[in-house]
1. Scan region 132-145 residue by residue and report those that are out of contact with any Phe, Trp or Tyr (no Cβ under 6 Å at 6 or more places or on another chain) and at pLDDT 95 or above.
2. Could you please find all residues in region 225-282 being under 22 Å from residue 210 (Cβ atoms), open to solvent by 50 Å² or more (accessible area, probe 1.4 Å), modelled with pLDDT of 95 or more and of a type in the set (Val, Ile, Thr)?
3. Just to be sure before I move on: is residue 189 open to solvent by 50 Å² or more (accessible area, probe 1.4 Å), without any contact (Cβ under 8 Å) to a residue 12 or more places away in the chain and not in a helix (DSSP H, G or I) in the structure I sent?
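The values are calculated or read from the model by the stated rules, or taken from the named source; none is laboratory data. This structure is a prediction, so every number in the text was calculated from the model and none was measured. In this analysis, Cβ positions are derived from the backbone assuming ideal geometry, glycine residues included, and neighbour counts consider all displayed protein chains. Just the protein is used for accessible areas: all its heavy atoms, side chains included, with ligands, DNA and RNA removed. Shrake-Rupley method; radii C 1.70, N 1.55, O 1.52, S 1.80 Å.
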Amino acid sequence: MATVSSSGASLSKPLNPSISSPKNPNIFNLWNPQLKRVKYPQTLSLKSPSISHLFIKPLKAQQSHISSTTITSLFTGIVEEVGKIKQLGYDNPDSFTMKIKANLILEDINLGDSISVNGTCLTVADFDKQLCEFSVGLAPETLRKTSLIELEQGSIVNLERALRPTTRMGGHFVQGHVDGTGQIVELKPEGDSLWVKVKTSKEILRYIVPKGFIAVDGTSLTVVDVFIEEDCFNFMLVAYTQQNVVIPMKKVGQKVNLEVDILGKYVERLLSSGFVNAIKSS
């Protein structure tokens, strides 16, 4: 279920191990206390370029995380902040760039960081803390497979930074690798909650189960029912979630990004590989 967390990651104490002579010189025969320490040159601190030059100088080609099977970043589906699209489009024929206005996300941002934008893992290409904005590049495959192509200037998007080892796991494992899109077919209020019904392809629907997890525009949600005949599933948003994610702002007919629970894919792969039969016969 989706909530919003505003707490930062806790800081761990710096390690300061003391070097002591090994107890067994026969084993640690390479240790020599007389060796002089090697002095390494100081690391240069590079200042990030101003984002105002983003649409003047062409960006280097951005790699899309969406088609990779290697887990390089991980998210929880707990939306940290809702950002606003400030500018987007092709700054040259081969580079589609999106500039997003945000606050919390910029607190500890670095070039190359992974940010989930409506559930799509994107790489920070530039940022400006004074202007409260950062930019990401979108590969052609990302534009084809996600709903980000429908965004325009002023659109609202869900934002989440990549998970850290010290972060509380409040949702479920979300990779930011969008499996495809779904279309909102029904928005039905009940009390202060909101029922949302989404239609998607059979290929995606087969991984969706009642009471299972699904990431919708990067928001970790619990599936209520699956309607096989209609190629649909639904979920419910409580009042707090409605106020902190973008889904309720969308209308019937609009698309949402979908990422199914990765565990279902692993189970399917194991079953199809004959792993279970191999265990039974052993």
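1. Those that are out of contact with any Phe, Trp or Tyr (no Cβ under 6 Å at 6 or more places or on another chain) and at pLDDT 95 or above: 132, 133, 135, 136.
2. Hits for region 225-282 are 228, 238.
3. yes
A quick yes/no check of all residues on (1) free of Cβ contacts under 8 Å to residues at least 24 places away in the same chain; (2) surrounded by fewer than 14 Cβ atoms within 10 Å (Cβ to Cβ); (3) touching a Pro at 6+ places or on another chain (Cβ under 9 Å); (4) not in a strand (DSSP E or B):
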residue	(1), (2), (3), (4)
157	no, no, no, no
170	no, no, no, yes
198	no, no, no, no
211	yes, yes, no, yes
